[in-house]
Amino acid sequence: MTGSVLALSGGVGGAKLALGLARLLDAGSLTVIANTGDDFRHLGLDICPDIDTLVYTLADLADPLQGWGRRDETWNFMAALERIGGETWFRLGDADLAMHVERTRRLAAGETLTAITDDLRQRLGITARIAPMSDEPVRTRLLTDAGWLDFQTYFVRRRCGPVVYSLDYAGAASAQPSPVLLAALTDANLRAVVICPSNPFLSIAPLLAMPEVRRALASCAAPVVAVSPIIGGQAVKGPTAKLMEELGLEVSSAGIAKHYGELIDALVVDIQDAQTAAPAGVEVIAAPTLMLSLDDRERLAHVVLAAADRVAAARRLTPSS
């Protein structure tokens with residue numbers, strides 16, 4: 001089936017599925033929207049971790065062991081910075097610095113993050129469109145037993161240790177979505193919206209906290225298919241399960257289904273969670289969701305697209321009320 005596909009993504013897990021989708025779809029038919037709630041300014045540079053993870057992954061430049069950063073990276077800058085007493089808690093590799101320096105220069109010159117990201121992905125040979133969720137700042141903050149923490153302080157500096165009581169997406173209520181995101185959501189040829197297996201609360205929620213995005217997604221004619229980041233009650237990577245437990249939510253794919261609720265038409269869960277219960281109107285599809293290899297990523301992408309096509313076909317067969 002032809003048509004465009006829109007993927008909403010955070011970092012590592014989302015980038016893996018985005019790569020699988022990119023390898024199955026025709027060039028130019030995939031748009032990946034990156035969470036920017038993680039973005040921050042560090043050492044005078046504008047850092048966009050999820051954008052960069054997507055760019056490096058789709059350009060085949062990502063470190064295969066870490067899943068983030070560049071392959072064959074060197075760390076001379078960080079070593080030199082440490083020797084003179086600089087802040088080293090957030091590590092920036094030598095080659096990775098080029099991305100941050102160039103982005104910072106162009107933002108200061110007045111270019112939008114959308115335009116900069118689009119140019120960089122083209123220069124690196126990526127045919128899928130990659131865009132930030134907004135050109136305006138939205139910042140994820142967490143209320144913890146250590147007080148309010150910015151995302152990177154919680155995630156990297158404090159290694160997700162503090163107990164989380166609530167989350168806030170500062171700026172989301174007034175931020176305008178990226179024009180690429182709105183254009184993709186209103187594309188008459190949109191085949192599917194895919195919510196990648198990124199952290200629903202830290203990576204996807206900042207996107208959905210923009211009222212215009214939530215409205216557009218709720219009224220979207222294309223099927224919306226999410227992939228659960230939980231397998232057998234555990235997160236594949238990151239603090240998803242810890243956060244859910246601390247926020248008083250059921251740590252399971254059923255909890256993920258309930259969280260997304262009426263926004264989604266289908267939820268892909270791991271075969272371990274085949275008995276997952278979901279709200280009425282949400283189809284549950286069980287398939288292997290752990291993406292350890294390139295083949296795994298392509299297989300999961302195929303499952304997601306097939307689920308979307310099945311939902312679309314069922315809609316065509318159902319008479320309008």
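The values are calculated or read from the model by the stated rules, or taken from the named source; none is laboratory data. Just so you know, these numbers come straight off a predicted model, no measurement behind them. In this analysis, Cβ positions are derived from the backbone assuming ideal geometry, glycine residues included, and neighbour counts consider all displayed protein chains.
In the range 3-26, which residues are among the charged types (D, E, K, R) and surrounded by fewer than 24 Cβ atoms within 10 Å (Cβ to Cβ)?
Step one: list which residues in the range 3-26 are among the charged types (D, E, K, R), which gives 16, 23, 26.
Passing the criteria: Arg23, Asp26.
Of all residues being in contact with a strand residue (DSSP E or B) (Cβ under 8 Å, 6 or more places away or on another chain) and surrounded by 17 or more Cβ atoms within 10 Å (Cβ to Cβ) in the range 247-262, which is nearest to Thr144 (Cα to Cα)? Just the residue, please.
Restricting attention to the range 247-262, the residues satisfying the condition of being in contact with a strand residue (DSSP E or B) (Cβ under 8 Å, 6 or more places away or on another chain) are 247, 251-253, 255-257, 260.
Going one step further and asking which of them are surrounded by 17 or more Cβ atoms within 10 Å (Cβ to Cβ), we end up with 251-253, 255-257, 260.
Details: Val251: 19, Ser252: 23, Ser253: 25, Gly255: 22, Ile256: 22, Ala257: 25, Tyr260: 24 Å.
Among residues in the range 247-262 that are in contact with a strand residue (DSSP E or B) (Cβ under 8 Å, 6 or more places away or on another chain) and surrounded by 17 or more Cβ atoms within 10 Å (Cβ to Cβ), the one nearest to Thr144 (Cα to Cα) is Val251.
Pick from Leu143, Leu182, Leu149: which is farther than 18 Å from Phe40 by Cα and surrounded by 14 or more Cβ atoms within 10 Å (Cβ to Cβ)?
Leu182
Taking the range 186-204 as the region of interest, how many residues are within 18 Å of the chain's Cα centre (by Cα) and either under 12 Å from Leu6 (Cα atoms) or surrounded by fewer than 19 Cβ atoms within 10 Å (Cβ to Cβ) (or both)? Break it down into steps so the answer makes sense when it comes.
Initially, the range 186-204 is screened for residues within 18 Å of the chain's Cα centre (by Cα), giving 192-204.
With the extra rule that they be either under 12 Å from Leu6 (Cα atoms) or surrounded by fewer than 19 Cβ atoms within 10 Å (Cβ to Cβ) (or both), the set shrinks to 192-196.
Selection size over the range 186-204: 5.
Can you find even one residue in the range 117-127 that is within 14 Å of Ser178 (Cβ to Cβ) and either of a type outside the set (Val, Ile, Thr) or modelled with pLDDT under 95 (or both)? Break it down into steps so the answer makes sense when it comes.
Start the filter on the range 117-127 by keeping residues that are within 14 Å of Ser178 (Cβ to Cβ), which leaves 117-118, 121.
Those left that are additionally either of a type outside the set (Val, Ile, Thr) or modelled with pLDDT under 95 (or both): 118, 121.
Looking through the range 117-127, at least one residue is within 14 Å of Ser178 (Cβ to Cβ) and either of a type outside the set (Val, Ile, Thr) or modelled with pLDDT under 95 (or both).
Any residue at all in the range 64-81 that is closer than 27 Å to Leu305 by Cα, out of contact with any helix residue (DSSP H, G or I) (no Cβ under 9 Å at 6 or more places or on another chain), without any contact (Cβ under 8 Å) to a residue 40 or more places away in the chain and surrounded by fewer than 20 Cβ atoms within 10 Å (Cβ to Cβ)?
Scanning the range 64-81 turns up at least one residue that is closer than 27 Å to Leu305 by Cα, out of contact with any helix residue (DSSP H, G or I) (no Cβ under 9 Å at 6 or more places or on another chain), without any contact (Cβ under 8 Å) to a residue 40 or more places away in the chain and surrounded by fewer than 20 Cβ atoms within 10 Å (Cβ to Cβ).
Can you tell me which condition Met291 does not meet? The list is (1) of a type outside the set (Asp, Glu); (2) buried (at least 18 other Cβ atoms within 10 Å of the Cβ); (3) under 16 Å from Val193 (Cα atoms), and all the others hold.
Only one criterion in (1) of a type outside the set (Asp, Glu); (2) buried (at least 18 other Cβ atoms within 10 Å of the Cβ); (3) under 16 Å from Val193 (Cα atoms) is unmet by Met291, namely (3).
Just to check your reading of the model, which residue among Ile130, Ile116 is free of Cβ contacts under 8 Å to residues at least 24 places away in the same chain, within 29 Å of Arg23 (Cβ to Cβ), touching a helix residue (DSSP H, G or I) at 6+ places or on another chain (Cβ under 7 Å) and not small (Gly, Ala, Ser)?
Values: Ile130 fails: free of Cβ contacts under 8 Å to residues at least 24 places away in the same chain.
Exactly one of Ile130, Ile116 is free of Cβ contacts under 8 Å to residues at least 24 places away in the same chain, within 29 Å of Arg23 (Cβ to Cβ), touching a helix residue (DSSP H, G or I) at 6+ places or on another chain (Cβ under 7 Å) and not small (Gly, Ala, Ser), namely Ile116.
For Tyr165, state whether it is assigned to a strand (DSSP E or B), at pLDDT 95 or above and of a type in the set (Ser, Thr, Tyr). Explain how you work it out, then say what you get.
Numbers: assigned to a strand (DSSP E or B): yes; at pLDDT 95 or above: yes; of a type in the set (Ser, Thr, Tyr): yes.
Yes, satisfied.
Just the residues that are under 18 Å from Glu245 (Cα atoms) and not in a strand (DSSP E or B), please, taken from the range 141-161.
Asp145, Ala146, Tyr154, Phe155, Arg159, Cys160, Gly161
If you check Val32, Val55, which single one turns out to be touching a helix residue (DSSP H, G or I) at 6+ places or on another chain (Cβ under 9 Å) and closer than 21 Å to Val156 by Cα?
Details: Val32 fails: closer than 21 Å to Val156 by Cα.
Within the list Val32, Val55, the selection yields Val55.
Of the conditions (1) surrounded by fewer than 17 Cβ atoms within 10 Å (Cβ to Cβ); (2) among the small types (Gly, Ala, Ser); (3) at negative phi, Ser29 fails just one. Which one is it?
With respect to (1) surrounded by fewer than 17 Cβ atoms within 10 Å (Cβ to Cβ); (2) among the small types (Gly, Ala, Ser); (3) at negative phi, Ser29 is out only on (1).
Among the residues of the range 1-37, count how many are among the hydroxyl-bearing types (Ser, Thr, Tyr) and modelled with pLDDT under 95. So that I can check it myself, show each step before the final result.
Step one: list which residues in the range 1-37 are among the hydroxyl-bearing types (Ser, Thr, Tyr), which gives 2, 4, 9, 29, 31, 36.
When the remaining residues are screened for being modelled with pLDDT under 95, the result is 2.
Result for the range 1-37: 1.
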